[in-house]
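Since the structure comes first, as C-alpha cells, the remarks are kept for the end.
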Amino acid sequence: MGENKRRMLAGDWYIADDLELRADTERRIELCEAYNTAARATPGERRKILEELLGAVGAEVNIRAPFHCDYGSLITIGPRTFINFGAVFLDAGPITIGADVQIGPNVQLLTPSHELDTERRRAGWEKADPVTIGDNVWLGGGVIVCPGVTIGANTVVGAGSVVTKDLPSGVLAVGSPARVIRTLEPGAGEQASAGRDE
C-alpha cells in the first residue's frame with residue numbers, strides 16, 4: 001500500500017491525485033457504471049455488482065440507480081436499508097450505515113475535507129473523517145451529512161437539512177445547519193414531518 005492511501009485510510013492529510021488511488025477510482029467507475037445501467041438485470045446480478053463495489057452490504061439492501069461513490073470499498077450498509085435515486089456517498093473515509101435505514105433521493109454522505117490554507121488546498125491536500133448512520137434512521141430527500149458526523153439510531157432528519165454536527169438517537173432534526181426540534185417517542189406510530197419522499 002502506498003503512502004497516500006495509507007494516510008487516507010488513517011484519516012491523515014493526503015494527496016488524492018495518486019496512481020494507486022486513481023486505480024481504485026477506475027475500479028469504482030466501472031462498477032458504478034455496471035450497476036447504474038443494470039436496470040434490466042436480475043436482482044441477483046445487481047446484488048453481485050454491489051457486493052464487489054461495496055465494503056459490505058447486508059441482506060435485502062435496495063439501492064436505486066443512479067448511485068455514486070468515491071471508492072465503494074469503504075462503505076458498509078446494514079440489512080434492509082433502502083437508498084433512493086441519486087445518492088452520492090464520498091467514501092475517502094469510512095461510511096457506515098446501519099440496519100433498516102431509509103435514505104431519500106439525492107442524499108449526500110461526505111467524508112472528505114479540503115485545506116483552508118490556500119497553498120495546501122491548491123497542492124491537493126485533503127483528509128477524510130468517517131460518517132456513521134445508526135439503525136432505523138430516516139434521512140429525507142436532499143439531506144447532506146458532513147465529514148465526521150454520527151447520527152444516532154431512530155433519528156429522522158428533515159428533507160434538505162445539512163447535518164454539520166452529531167445528532168443523538170431518537171430525535172427529529174431539521175434545517176441548515178440541522179438542529180434538534182424534538183424527541184421522537186418510540187412506537188408512537190406517527191409520521192414525522194420530514195417529507196415522505198421514498
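Kindly check whether there is at least one residue in the range 114-126 that is modelled with pLDDT of 95 or more, under 27 Å from K48 (Cα atoms) and in contact with a strand residue (DSSP E or B) (Cβ under 7 Å, 6 or more places away or on another chain). Checked the range 114-126: no residue is modelled with pLDDT of 95 or more, under 27 Å from K48 (Cα atoms) and in contact with a strand residue (DSSP E or B) (Cβ under 7 Å, 6 or more places away or on another chain). For the range 174-183, the criterion of being out of contact with any His (no Cβ under 6 Å at 6 or more places or on another chain), polar (S, T, N, Q) and closer than 21 Å to I77 by Cβ is met by no residue.
Only a single item in (1) within 14 Å of R64 (Cα to Cα); (2) touching a Leu at 6+ places or on another chain (Cβ under 6 Å) is not met by L31, and it is number (1). For the range 17-57, a residue qualifies if it is of a type in the set (G, A, S) and in a helix (DSSP H, G or I), and the qualifying residues are A23, A34, G44. Within the range 155-162, identify whether any single residue is in contact (Cβ under 8 Å) with a residue 12 or more places away in the chain, β-branched (V, I, T) and more than 19 Å from N84 (Cβ to Cβ), and answer yes or no. Checked against the condition, which is being in contact (Cβ under 8 Å) with a residue 12 or more places away in the chain, β-branched (V, I, T) and more than 19 Å from N84 (Cβ to Cβ), the range 155-162 yields no hits at all. Of the residues making up the range 87-133, those that are within 21 Å of S169 (Cα to Cα), assigned to a strand (DSSP E or B) and not polar (S, T, N, Q) are I95, I97, I103, L109, L110, V131, I133. For the range 57-80, the tally of residues that are free of Cβ contacts under 8 Å to residues at least 40 places away in the same chain and acidic (D, E) stands at 1.
With the condition kept exactly as written, say whether any residue in the range 32-44 is touching a residue at least 40 places away in the same chain (Cβ under 8 Å), surrounded by 17 or more Cβ atoms within 10 Å (Cβ to Cβ) and over 14 Å from the mean Cα position of the chain (by Cα). Within the range 32-44 (the criterion being touching a residue at least 40 places away in the same chain (Cβ under 8 Å), surrounded by 17 or more Cβ atoms within 10 Å (Cβ to Cβ) and over 14 Å from the mean Cα position of the chain (by Cα)), the answer is yes, since at least one residue qualifies.
Listed by first and then second residue, the pairs linking a residue in the range 167-180 that is within 10 Å of V156 (Cα to Cα) to a residue that is assigned to a loop (DSSP other than H, G, I, E, B) and of a type in the set (A, V, I, L, M), with Cβ atoms under 6 Å apart and 6 or more places separating them unless they lie on different chains, are S169/A153; G170/L184; L172/L184; L172/A192. Out of A178, A123, one residue alone is under 27 Å from I63 (Cβ atoms) and either buried (at least 20 other Cβ atoms within 10 Å of the Cβ) or not acidic (D, E) (or both). It is A178. Looking only at the range 1-15, residues that are in contact with a Lys or Arg (Cβ under 9 Å, 6 or more places away or on another chain) and assigned to a loop (DSSP other than H, G, I, E, B) come to 3 in all. Does T42 satisfy the condition of being of a type in the set (S, T, Y) and within 22 Å of I144 (Cα to Cα)? Criteria not met by T42.
The values are calculated or read from the model by the stated rules, or taken from the named source; none is laboratory data. None of these values were measured; they are calculated from a predicted model. Using ideal geometry, Cβ is built from the backbone for each residue, glycine included, and neighbour counts are taken over all protein chains shown.
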